[in-house]
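A quick write-up on the structure given underneath.
The values are calculated or read from the model by the stated rules, or taken from the named source; none is laboratory data. It should be emphasised that the depicted structure is a prediction, and the values quoted were computed from it without experimental measurement. With ideal geometry, Cβ positions are generated from the backbone for all residues, glycine too; neighbour counts draw on all protein chains shown.
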Amino acid sequence: MKIVHVITSLDDGGAEAVLFRTIQNLPEDEHIVVSLLGLGKYGKLLQSIGIEVIDLEMTNVGRKLTAVFRLTRLLGLIAPDTIQTWMYHADFVGGVAARMAGVNNVVWGLHNSLVSLKGNPWSRFAMIRLNGVLSYLVPDRILCCSESALLAHQSIGYNKRKLVFIPNGYPVDIFRPNENARFAIRAEFGLGETDVVLGMVARLDPQKDHVNLLDALVLLKEAHPFKCLLVGKGLEQNSRLLVEIESRELVQDVILVGPRSDVQGIMNALDICVNASFTESFPNALCEAMACGTPCVVTDVGDSAMIVGDTGWVVPPRSPEKLAAALILAVEALPDPARQDSARQRIVEKFSIEHISRDYRMLWSADIL
């Protein structure tokens, strides 16, 4: 098959990572990737494995207004079998252009569970609602990366007959227990093998609720010493976050790391991975940590509880007291080889990229083969 993927951007993010991994695991098909906003991290990675990447450069009003027509012309030249779009703006631009170009198989991708105005900027909220109307006309199927995303979009009027759930997939041969990586990352940050190391891998975003985690760490500190790595875009020496850390007297306990390309190493260095968000869809960080044998403490948002199962701890969102109580239990359970093994096994059995990429391919070929 010839598949064109249309994605809003190729910066460091969850949907972008899934796109890259899925393409990488389906070499029998021809893939072309169209980004609305630049090449970013994953554009360069895709090019490095021989994938053609096209940037529509929607950087100003004029180019935004002509994006659908430019993409329509491009699709007419490529003549793909299937269009797979990723995220709301790409769903709109890619979906409309595909229909104008006469493409018969259009699959939208939804990677978000928060569909209300609260927590979304006006532009995104307007696109969410517009796409809800277009869901009856444009896509053949709508792929949701989480059950929570499927239910959320169904509740606001998306065409429920087209909604399909396929979870994200992970390369378990890369994300695996690695003692050498554990020692190297800990040495980099001056951490010893006996130190209790927590971590949250998430970009700086209100939805990730770093403040909730910091409030929980204040309570954890009363019970156990620890170090906490905060990894993700926007976290490197962020002045606002530094103020929050200093006001809680956590300067010696929290390390702002920023974005990393060696997330598998980070996950191996952690004793416990934390997700403190108040909204999620299908958080990649949890699966990556568990595949490395790192147990997780998570808030009960999106598909987090389903991912963790009985291998970790689940607490309500926006409750630092309950988050702290779970962290204390997790620290006191260390080390727990049985829990580590069960965490990895759960990802291997349910969410390996080999299995998930085949589900994608079956969805793309439904109207072709």
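Of the residues making up region 68-90, those that are part of a helix (DSSP H, G or I) and either in contact with a Leu (Cβ under 7 Å, 6 or more places away or on another chain) or basic (Lys, Arg) (or both) are ARG70, LEU71, ARG73, HIS89, ALA90.
Any chance you could count how many residues in region 310-330 are closer than 28 Å to GLU179 by Cβ and under 26 Å from the mean Cα position of the chain (by Cα)?
7
If the condition is being more than 30 Å from HIS224 (Cβ to Cβ), part of a helix (DSSP H, G or I) and of a type in the set (Ser, Thr, Tyr), then region 333-369 contributes SER357, TYR360.
Of all residues in region 14-36, which are at pLDDT below 95 and in contact with a His (Cβ under 9 Å, 6 or more places away or on another chain)? Result: GLY14, ALA15, VAL18. Residue pairs whose Cβ atoms lie under 9 Å apart, sitting 6 or more positions apart in sequence or on different chains, and linking a residue in region 176-202 that is within 16 Å of ALA289 (Cβ to Cβ) to a partner that is of a type in the set (Phe, Trp, Tyr), are VAL196/PHE226; VAL197/PHE189; VAL197/PHE226; LEU198/PHE226.
Residue-by-condition table, conditions (1) touching a strand residue (DSSP E or B) at 6+ places or on another chain (Cβ under 8 Å); (2) over 28 Å from VAL211 (Cβ atoms); (3) surrounded by fewer than 21 Cβ atoms within 10 Å (Cβ to Cβ); (4) touching a residue at least 60 places away in the same chain (Cβ under 8 Å):
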{"residue": "ARG260", "(1), (2), (3), (4)": "yes, no, yes, no"}
{"residue": "GLY265", "(1), (2), (3), (4)": "no, no, yes, yes"}
{"residue": "ASN268", "(1), (2), (3), (4)": "no, no, no, yes"}
{"residue": "CYS273", "(1), (2), (3), (4)": "yes, no, no, yes"}
{"residue": "MET290", "(1), (2), (3), (4)": "yes, no, no, no"}
{"residue": "LYS322", "(1), (2), (3), (4)": "yes, no, yes, no"}
{"residue": "LEU327", "(1), (2), (3), (4)": "yes, no, no, yes"}
{"residue": "PRO337", "(1), (2), (3), (4)": "no, yes, yes, no"}
{"residue": "GLN340", "(1), (2), (3), (4)": "no, yes, yes, yes"}
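Whether any residue in region 96-104 is surrounded by fewer than 23 Cβ atoms within 10 Å (Cβ to Cβ) and within 27 Å of PRO167 (Cβ to Cβ) is what I want to check. Even if it seems obvious, please write down each step before you answer.
Step one: filter region 96-104 for residues surrounded by fewer than 23 Cβ atoms within 10 Å (Cβ to Cβ), giving 96, 99-104.
Okay, now just the ones that are also within 27 Å of PRO167 (Cβ to Cβ), so 103-104.
Checking region 96-104: at least one residue is surrounded by fewer than 23 Cβ atoms within 10 Å (Cβ to Cβ) and within 27 Å of PRO167 (Cβ to Cβ).
Taken together, the residues in region 224-258 that are among the β-branched types (Val, Ile, Thr) and either surrounded by fewer than 16 Cβ atoms within 10 Å (Cβ to Cβ) or touching a Ser or Thr at 6+ places or on another chain (Cβ under 9 Å) (or both) amount to 2. Only one entry in VAL138, VAL103, VAL133 is part of a helix (DSSP H, G or I) and over 23 Å from the mean Cα position of the chain (by Cα), namely VAL133. For region 291-309, filtering for residues that are over 18 Å from LEU198 (Cα atoms) and over 15 Å from the mean Cα position of the chain (by Cα) leaves 4. Evaluated against (1) of a type in the set (D, E, K, R); (2) in contact with a Lys or Arg (Cβ under 6 Å, 6 or more places away or on another chain); (3) in a helix (DSSP H, G or I), ASP12 falls short on exactly one condition, (3).
With LEU143, LEU134 as the choices, which residue is within 28 Å of ASP303 (Cα to Cα) and in contact with a Gly (Cβ under 6 Å, 6 or more places away or on another chain)?
Values: LEU134 fails: in contact with a Gly (Cβ under 6 Å, 6 or more places away or on another chain).
Just a single option satisfies the conditions, and that option is LEU143.
When region 210-233 is filtered for residues that are assigned to a loop (DSSP other than H, G, I, E, B) and either touching a strand residue (DSSP E or B) at 6+ places or on another chain (Cβ under 8 Å) or free of Cβ contacts under 8 Å to residues at least 12 places away in the same chain (or both), the ones remaining, listed by number, are PHE226, GLY232, LYS233. Residues in region 45-67 that are modelled with pLDDT under 95 and not in a loop (DSSP other than H, G, I, E, B) were compared, and the one that is nearest to MET1 (Cα to Cα) is ALA67. If we scan region 114-128, do we find a residue that is outside any helix (DSSP H, G or I), buried (at least 19 other Cβ atoms within 10 Å of the Cβ) and at pLDDT below 95? Yes, some residue in region 114-128 is outside any helix (DSSP H, G or I), buried (at least 19 other Cβ atoms within 10 Å of the Cβ) and at pLDDT below 95. Mind listing just one residue for me: the one in region 141-163 that is within 18 Å of ASN104 (Cα to Cα) and under 19 Å from the mean Cα position of the chain (by Cα) and, of those, surrounded by the fewest Cβ atoms within 10 Å (Cβ to Cβ)? Per the criteria, the residue is LEU143.
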